[in-house]
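What follows is one structure encoded as structure tokens, with my remarks underneath.
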Amino acid sequence: GPAVRRRLDHWTPPAEHSLSGRVIAITGATSGIGREAARQCAAAGAELVLLNRNARRAEAVAAALRNAGAAAVTPVECDLADLESVGRAARTLEALPALHGLIHNGGAMAQRLELTPQGLETTAAVHVVAPFVLTTLCARRLRDASARIIVVTSGGMYAVPLDVEALRRPREPFDGVRAYALAKRAQVSLVEQCGPALRECGVPLVAMHPGWVDTPGLRTSLPRFRRIMAPLLRSPAEGAAAIAWLLTAPADTLGRGALWLDRRPRSAHRSARTRRSDTPQARAQLVRFCRYASGLTPAQLRVWN
């Protein structure tokens, strides 16, 4: 775990002012890994934009960060389960003088099948389509600032293959844990597929696995797993540590891998089964699904061409 790798790799925390003058937007920053990532980025001097569907909770976190000395914190309403809300948030980000980092951390594990206003299964919308839309709509602003984009994924993806049809039409009976793992698998495949297009513009796009972290979401959604794994779970601070590092590490470092854990590039697969599913054809199907589900125009989608 991080306690061992910290010593082996001689980790040092991001310097106190390493993110000064940089504007970092983060989804899902009101609890768990997202809130801790916001705190660590603020401690490094970043100006923060908190994208969250619950305005009251976002403002409470913003106030706490300001009281702790954050340079600037702005909450912005953004419901990842509603692409219209995502579009409004993107317009707010586009109006900023600069945007140096976008952290896709927000997530949800549904207990039952639910559809978004756009007719998408909620888990697929929140974890896959919404980040695709937000990145696409903010691409110009991100390019202008040579920004970094970080997608926070989960080890649950290692258990399932890439299955775009299951994202589009979940199997019955609905299994929220499987839907979550499928969405996380799709996240990483999408990063590996779309990353080169942004990297050519000087915008690294990477995924990071925070390890198994004791978050409120884990306690609510997987209580039995939490009880079994309790001695091995990381704190939110340990889970978030690599996010601030990825924002400050040299740009050429990020080119070494599309998926990171504990400051090391990792394979997206641990079994032949998932590797066989992640074909160029399946990835192309995933991109088509995101483009269609996004509702964006061909002109808006040109960033990926």
- Message: I'm trying to understand the selection: among the residues of the stretch 246-268, which are closer than 14 Å to Ala147 by Cα and not in a loop (DSSP other than H, G, I, E, B)?
- Response: Leu246, Leu247, Thr248, Ala251, Asp252, Leu254
- Please give the number of the condition Ala299 fails out of (1) within 20 Å of the chain's Cα centre (by Cα); (2) of a type in the set (A, V, I, L, M, F, W, C); (3) open to solvent by 40 Å² or more (accessible area, probe 1.4 Å). (1)
- Message: Name the residue that is farthest from Asp79 (Cα to Cα), counting only residues in the stretch 34-56 that are hydrophobic (A, V, I, L, M, F, W, C) and either assigned to a strand (DSSP E or B) or open to solvent by 20 Å² or more (accessible area, probe 1.4 Å) (or both).
- Response: Ala43
- Query: Can Trp245 be described as touching a residue at least 60 places away in the same chain (Cβ under 8 Å) and either in contact with a strand residue (DSSP E or B) (Cβ under 9 Å, 6 or more places away or on another chain) or closer than 25 Å to His100 by Cα (or both)?
  - Reply: yes
- Query: Somewhere in the stretch 57-72, is a residue in contact (Cβ under 8 Å) with a residue 60 or more places away in the chain, in contact with a helix residue (DSSP H, G or I) (Cβ under 6 Å, 6 or more places away or on another chain) and crowded, with 16+ Cβ neighbours inside 10 Å?
  - Reply: no
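The values are calculated or read from the model by the stated rules, or taken from the named source; none is laboratory data. Keep in mind the model is a prediction, meaning the values are calculated, not measured. FYI the Cβ positions are ideal-geometry reconstructions off the backbone, even for glycines, and counts take in every protein chain you see. The protein model used for the area step is the full one, side chains on, heavy atoms only, and it has no ligands, DNA or RNA in it. Shrake-Rupley method; radii C 1.70, N 1.55, O 1.52, S 1.80 Å.
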